[in-house]
Amino acid sequence: QVQVVESGGGLVQAGGSLRLSCAASGSIFSINTMGWYRQAPGEQRELVAVISKIGITNYADSVKGRFTISRDNAKNTVYLQMNSLKPEDTAVYYCRIVGALMDYWGKGTLVTVSS
C-alpha cells in the first residue's frame, strides 16, 4: 500500500507565491516520474509539471517561468514552487507518483488565487 499526501495549498493574492509538497510512503520500490496536475472547476485535469528520477522536467506552457518542480529522492517527496500566481491558477492540485508497477494519485490540495 502506498500513501500519497499533498500539502501547502491555500488562499493567496494574485502575484503571490505558494509551495506545494507531496510525500509518498509505504511499499515503494522504485519511483520514476513524479508530477503535479490540476483541475479547475468544470475543467478536465491537466498536467502542470513532471520530473523524472534524474531530474528532467517538463512544464505546461501556462506555468513556464513561474512554477518550478523539484524532488528529493531520499524522502520520496516532490515539490512545486509557484510564483507570480494568477487567478487562473486556481484549482485543486494533485500529485502523481509513477514507478515500477505502480501509479498513485494524492487526494489533492486546493489552491485559490484571488484577484
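The values are calculated or read from the model by the stated rules, or taken from the named source; none is laboratory data. All values reported here derive from a predicted model rather than from experimental measurement. Every residue, glycine among them, receives a Cβ derived from its backbone with ideal geometry; neighbour counts consider all protein chains shown. Areas reflect the complete protein model, heavy atoms only, side chains present, ligands, DNA and RNA absent. Shrake-Rupley method; radii C 1.70, N 1.55, O 1.52, S 1.80 Å.
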Problem set entry | Quarter of Cα convex hull surface for the chain, i.e. mean projection, nm² | 6.7
Problem set entry | Sequence-distant lysines (8 or more away, or on other chains) whose Cα lies within less than 17 Å of LYS86 | LYS64
Exercise. From the Cα gyration tensor of segment 51-115, with a ≥ b ≥ c the square roots of its eigenvalues, which class applies: rounded if a/c is under 1.5, or else prolate if a/b is larger than b/c, or else oblate?
Worked result: prolate
Seminar exercise, completed: Expressed as a percent, the accessible surface of segment 1-51 that is carbon or sulfur, using a 1.4 Å probe and the full set of protein chains, is 47
Problem set entry | Cα gyration tensor shape of segment 1-44, rounded if a/c is under 1.5, else prolate or oblate by comparing a/b with b/c | prolate
Seminar exercise, completed: Rounded to whole angstrom, the alpha-carbon centroid of segment 28-44 lies from that of segment 63-115 at a distance of 7
For this session: Hey, can you find the accessible area per residue of segment 1-89 for me, probe 1.4 Å, expressed in square angstrom?
Result: 54
Problem set entry | Point-charge dipole on Cβ atoms (K/R +1, D/E -1) for the chain, about Cα centre, debye to 20 | 220
Exercise. Setting aside same-chain residues fewer than 8 positions from LYS75, which lysines have a Cα under 20 Å from its Cα?
Worked result: LYS53, LYS107
Exercise. What value does segment 17-76 have for Rg/Rh, both radii from Cα atoms and Rh as Kirkwood defines it?
Worked result: 0.98
Exercise. Which loop-located chymotrypsin sites (Phe, Trp or Tyr not before Pro) does segment 21-55 contain, where loop means any DSSP state but H, G, I, E or B and the Cβ has at most 12 other Cβ atoms within 10 Å?
Worked result: PHE29
